[in-house]
Structures are given as structure tokens and as C-alpha cells.
Amino acid sequence: MNAPTPRSARLAQSPAALCDGRWWLVGDAGSVPVSDPSFATVLDGFAEAVAAADHAVADLRALPDEPSSPGRGGRR
């Protein structure tokens, strides 16, 4: 198995990295593969949630800049 490299996909700012389809925990002392299937499933779900959030933010940033109506918390 290949240990994570700088090209591996880190999950947000967590110590988890996905390398060649396998999750690893990465620290200053080295890397350890995730061997618990339940934990790997949780990491998969978290990665999907982070990707969906990133996509939603990108969609919001792509919207045209329209002024909000006064009194609704928008810019004037």
C-alpha cells in the first residue's frame, strides 16, 4: 500500500487523507492506514458532506451580486 504523499487528498483540515482509494491518518510521526471499515465509512460520508458544502458555496459565489431589500439583513 502507498502511504499518503503531498498529492494525496487531505480531508479539510483533519489528519485524514485519501490516497489510492484508502483512508490514512497522517501526523508528524508518520501515517497509519484506517483499517476499521466503519470509521472509513464515516470518513467517506464526511468527505461527501464537505464536497457538497464546497459546491454550495461555489454556487452562491457564482450568483449575480444583487442588493438585498432593506430590513432583511442585507447590504444597503
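The values are calculated or read from the model by the stated rules, or taken from the named source; none is laboratory data. Predicted model only: the values in this text are computed from it and were never measured. Methodologically, a virtual Cβ is constructed for each residue, glycine included, from the backbone with ideal geometry; neighbour enumeration extends over all protein chains shown. Remember, those area values only see protein heavy atoms, side chains included, never the ligands or the DNA or RNA. Shrake-Rupley method; radii C 1.70, N 1.55, O 1.52, S 1.80 Å.
I'd like the full set of residues that are out of contact with any helix residue (DSSP H, G or I) (no Cβ under 7 Å at 6 or more places or on another chain) and of a type outside the set (D, E, K, R), limited to segment 33-48.
PRO33, SER35, PRO37, SER38, PHE39, ALA40, THR41, VAL42, LEU43, GLY45, PHE46, ALA47 - these are the residues of segment 33-48 that are out of contact with any helix residue (DSSP H, G or I) (no Cβ under 7 Å at 6 or more places or on another chain) and of a type outside the set (D, E, K, R).
Taking segment 20-40 on its own, how many of its residues are among the basic types (Lys, Arg) and over 17 Å from ALA9 (Cβ atoms)?
So the first thing to find is which residues in segment 20-40 are among the basic types (Lys, Arg), and the list is 22.
With the extra rule that they be over 17 Å from ALA9 (Cβ atoms), the set shrinks to none.
Number of matching residues: 0.
What are the pairs with Cβ atoms under 7 angstrom where one residue, in segment 40-69, is modelled with pLDDT of 90 or more and the other, located anywhere, is part of a loop (DSSP other than H, G, I, E, B) and open to solvent by 50 Å² or more (accessible area, probe 1.4 Å)? Sequence gap at least six, or different chains.
Every condition considered, the pairs that remain are VAL50/ALA12.
If VAL57 satisfies all but one of (1) open to solvent by 50 Å² or more (accessible area, probe 1.4 Å); (2) closer than 15 Å to ARG10 by Cβ, what's the number of the condition it fails?
Of the numbered conditions (1) open to solvent by 50 Å² or more (accessible area, probe 1.4 Å); (2) closer than 15 Å to ARG10 by Cβ, the odd one out for VAL57 is (2).
Matching residues to (1) part of a loop (DSSP other than H, G, I, E, B); (2) of a type in the set (Phe, Trp, Tyr):
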{"residue": "VAL26", "(1), (2)": "no, no"}
{"residue": "SER35", "(1), (2)": "yes, no"}
{"residue": "PHE39", "(1), (2)": "no, yes"}
{"residue": "GLY45", "(1), (2)": "no, no"}
{"residue": "ALA52", "(1), (2)": "no, no"}
{"residue": "ASP59", "(1), (2)": "no, no"}
{"residue": "PRO64", "(1), (2)": "yes, no"}
{"residue": "PRO67", "(1), (2)": "yes, no"}
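Output yes when any residue across segment 6-28 is of a type outside the set (Val, Ile, Thr), out of contact with any strand residue (DSSP E or B) (no Cβ under 8 Å at 6 or more places or on another chain) and modelled with pLDDT of 95 or more, and no when none is. Let's see the steps before the verdict.
From segment 6-28, those of a type outside the set (Val, Ile, Thr) are 6-25, 27-28; that's our starting set.
Filter once more, keeping what is out of contact with any strand residue (DSSP E or B) (no Cβ under 8 Å at 6 or more places or on another chain): 6-7, 12-14, 20-21, 27-28.
This time we only want the ones that are modelled with pLDDT of 95 or more, so: none.
Within segment 6-28 (the criterion being of a type outside the set (Val, Ile, Thr), out of contact with any strand residue (DSSP E or B) (no Cβ under 8 Å at 6 or more places or on another chain) and modelled with pLDDT of 95 or more), the answer is no, since none of the residues qualifies.
Of all the residues that make up segment 29-54, how many are of a type in the set (Ser, Thr, Tyr), open to solvent by 50 Å² or more (accessible area, probe 1.4 Å) and in contact with a strand residue (DSSP E or B) (Cβ under 9 Å, 6 or more places away or on another chain)?
Summing the residues that are of a type in the set (Ser, Thr, Tyr), open to solvent by 50 Å² or more (accessible area, probe 1.4 Å) and in contact with a strand residue (DSSP E or B) (Cβ under 9 Å, 6 or more places away or on another chain) in segment 29-54 gives 0.
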